[in-house]
Amino acid sequence: MITIVDYEAGNLTSVKRALDFLGFENRITPDVDLVSRAERVIFPGVGRARTAMNILRKRGLGEALLDAFSRGTPVMGICLGAQVALSRSEEDDTPCLGIIPGYCPRFALDNPDLKIPHMGWNQVRVEKEHYILKDVNPGDEFYFVHSYYPQPEDESQVYATAGYETVFPAAIGRENLFATQFHPEKSGPVGLNLLKNFAEWRP
């Protein structure tokens, strides 16, 4: 059973539909106990870091996610879920979960033809082997929607990158946590393969 964390951050049904299509049992829940005791956790989201963290703290879901991580539960963050896994977001100077030391800066672009948010398909380059990325090939594209991006303090925790004027981390990880700035659930067959790999991952 894969537990999808409901903290009013959107995009939950897209993740559920992708997992349903793949045939993996899953549920969407805001229940703290179900999250902390889950077999696997997906932590998706779109929106503002401060809003997300306020809801996570108010509901006790932040602690539940930390409990799940400390128990060795496979956890996957997606988009905002990847960003708040770090220590802090530049967005409203927001303290986050701190599972991975680091912060989330906003894109600072010089090219007037490039817009923020970074939205659409972009190539992802695997920088370091990981089971979840084993089916990603050179030239594969994933779907992005974001204005901020995760920047771990330890570069060894960056598993894939993408480029938008600057090269930025597109997938990060630590122990039993793996997180993507892109949306695998909206990225067609390559994204579905990535979700399948997460469902089968044994960290």
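The values are calculated or read from the model by the stated rules, or taken from the named source; none is laboratory data. Remember, it's a predicted structure, so these values are computed and weren't measured experimentally. Positions of Cβ are generated from backbone atoms using ideal geometry, with glycine treated the same way; all protein chains shown enter the neighbour counts.
Which numbered condition trips up F21, out of (1) among the hydrophobic types (A, V, I, L, M, F, W, C); (2) exposed (fewer than 14 other Cβ atoms within 10 Å of the Cβ); (3) free of Cβ contacts under 8 Å to residues at least 60 places away in the same chain?
All conditions are met except number (3).
Among D135, D93, which is closer than 23 Å to T166 by Cβ and either surrounded by 14 or more Cβ atoms within 10 Å (Cβ to Cβ) or of a type outside the set (A, V, I, L, M, F, W, C) (or both)?
Values: D135 fails: closer than 23 Å to T166 by Cβ.
Step by step, each of D135, D93 is checked, and only D93 is closer than 23 Å to T166 by Cβ and either surrounded by 14 or more Cβ atoms within 10 Å (Cβ to Cβ) or of a type outside the set (A, V, I, L, M, F, W, C) (or both).
Name the one entry in G45, G10, G23 that is under 16 Å from the mean Cα position of the chain (by Cα) and either farther than 17 Å from I99 by Cβ or aromatic (F, W, Y) (or both).
Values: G45 fails: either farther than 17 Å from I99 by Cβ or aromatic (F, W, Y) (or both); G23 fails: under 16 Å from the mean Cα position of the chain (by Cα).
Being under 16 Å from the mean Cα position of the chain (by Cα) and either farther than 17 Å from I99 by Cβ or aromatic (F, W, Y) (or both) holds for just one of G45, G10, G23, which is G10.
Quickly run through region 178-203 and pick out the residues that are within 17 Å of I100 (Cβ to Cβ) and part of a strand (DSSP E or B).
Matches in region 178-203: F178, A179, T180.
Going through region 1-47 one residue at a time, which ones are of a type in the set (F, W, Y) and in a loop (DSSP other than H, G, I, E, B)?
Start the filter on region 1-47 by keeping residues that are of a type in the set (F, W, Y), which leaves 7, 21, 24, 43.
Listed by number, the residues that qualify are Y7, F24.
I'm told G72 meets every condition in (1) within 15 Å of the chain's Cα centre (by Cα); (2) in a loop (DSSP other than H, G, I, E, B); (3) of a type outside the set (A, V, I, L, M); (4) modelled with pLDDT of 95 or more except one. Can you identify the failing condition by its number?
Status for G72: all satisfied but (1).
Restrict the check to region 151-167 and report whether at least one residue is touching a residue at least 60 places away in the same chain (Cβ under 8 Å) and either within 19 Å of T73 (Cβ to Cβ) or of a type in the set (A, V, I, L, M, F, W, C) (or both).
Checked against the condition, which is being touching a residue at least 60 places away in the same chain (Cβ under 8 Å) and either within 19 Å of T73 (Cβ to Cβ) or of a type in the set (A, V, I, L, M, F, W, C) (or both), region 151-167 yields no hits at all.
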